[in-house]
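Student: One structure coming up, written as structure tokens, with questions to follow.
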Amino acid sequence: MRTKRLYRAGVVGVAVMLVLALGVLPAAAEVAGDIAAGLPLEQVITNAQAAGLTMDAIISQAMDAGANPQALFSAAVATGADLSQIFSAFMAKAATNPDLAAVATPAAMMNWAKDAGKDSLTVANSMMAAGGDLNVVRSFLSSAGYAGADTYTYTPPGPPPGPPVAGPTFPGGGGGGGGGGAPTVGGGVASPSI
């Protein structure tokens, strides 16, 4: 009896894993299918994001399905996707697709982002966050008329600030003398005598 239960549990577990594993395939087919159906690229991206696809997967699958690179880029920007993720996804796909690499150069993509309404400094910072070359970014800024193009530097954002740190609290006010700050070493708290 116990063996039958374990067997059933195993069969059910395998079935669930198969369904989950195969559940990824329709999302991949969805990008190509949405493009083939003539949906606007913004809608293709929105549908793919709703299906749980990353920007890398969306860009890759859309390019494999024959999407126009500049139109796809503009649609990704219009959906509000993070610009550095868009740059990164295009650069990753271009690394394995020479035709895309010839069209979607970092300089071209920065101009596409500017044409899509992004300001030059946001474009530059996003390209640098995606791993762009500083000289290419400076050249873009110079051509965009940015006053400090030749001295532009990028500092990646640090980790988000954590919660404020408070010193430990002790019963009875924390021992005397310190004015309520962090406990002092070697004073203020009596130790029990042995």
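The values are calculated or read from the model by the stated rules, or taken from the named source; none is laboratory data. What you see is a predicted model, and the numbers here were worked out from it, not measured in a lab. All Cβ positions, even for glycine, are placed from backbone atoms using ideal geometry, and neighbour counts span all protein chains on display. Heavy atoms of the whole protein, side chains included, go into the accessibility calculation; ligands, DNA and RNA do not. Shrake-Rupley method; radii C 1.70, N 1.55, O 1.52, S 1.80 Å.
Student: Scan the range 84-101 for residues that are assigned to a helix (DSSP H, G or I), without any contact (Cβ under 8 Å) to a residue 12 or more places away in the chain and open to solvent by 50 Å² or more (accessible area, probe 1.4 Å) and jot them down.
Tutor: Pass one, the range 84-101, residues assigned to a helix (DSSP H, G or I): 84-94, 98-101.
Filter once more, keeping what is without any contact (Cβ under 8 Å) to a residue 12 or more places away in the chain: 94, 98-99, 101.
98, 99 - these are the residues of the range 84-101 that are assigned to a helix (DSSP H, G or I), without any contact (Cβ under 8 Å) to a residue 12 or more places away in the chain and open to solvent by 50 Å² or more (accessible area, probe 1.4 Å).
Student: Kindly evaluate residue 75 against the criterion of being over 23 Å from residue 34 (Cα atoms), in contact with a Leu (Cβ under 8 Å, 6 or more places away or on another chain) and open to solvent by less than 40 Å² (accessible area, probe 1.4 Å).
Tutor: On the way: over 23 Å from residue 34 (Cα atoms): no; in contact with a Leu (Cβ under 8 Å, 6 or more places away or on another chain): yes; open to solvent by less than 40 Å² (accessible area, probe 1.4 Å): yes.
It is false that residue 75 is over 23 Å from residue 34 (Cα atoms), in contact with a Leu (Cβ under 8 Å, 6 or more places away or on another chain) and open to solvent by less than 40 Å² (accessible area, probe 1.4 Å).
Student: Please name all residue pairs, on different chains or six or more residues apart, with Cβ atoms under 7 Å, provided the first residue is in the range 126-151 and is surrounded by 13 or more Cβ atoms within 10 Å (Cβ to Cβ) and the second residue is in a helix (DSSP H, G or I) and of a type in the set (S, T, N, Q).
Tutor: 126/84; 129/84; 130/84; 130/88; 141/120; 144/120; 146/120; 149/142
Student: Out of curiosity, is residue 157 at pLDDT below 85 and surrounded by 14 or more Cβ atoms within 10 Å (Cβ to Cβ)? Give the derivation first.
Tutor: On the way: at pLDDT below 85: yes; surrounded by 14 or more Cβ atoms within 10 Å (Cβ to Cβ): no.
Answer is no for this residue.
Student: Checking the structure you have, find out if any residue of the range 33-48 is over 24 Å from residue 88 (Cβ atoms), in a helix (DSSP H, G or I) and either at pLDDT below 95 or over 19 Å from the mean Cα position of the chain (by Cα) (or both).
Tutor: Yes: one or more hits.
Student: Could I ask something else about it? Could you list all residues from the range 63-83 that are more than 13 Å from residue 42 (Cβ to Cβ) and not in a loop (DSSP other than H, G, I, E, B)?
Tutor: 63, 64, 69, 70, 83
Student: Which of the residues that make up the range 102-137 are in a loop (DSSP other than H, G, I, E, B) and more than 26 Å from residue 159 (Cβ to Cβ)?
Tutor: Of everything in the range 102-137, those that are in a loop (DSSP other than H, G, I, E, B) and more than 26 Å from residue 159 (Cβ to Cβ) turn out to be 104, 105, 116, 117.
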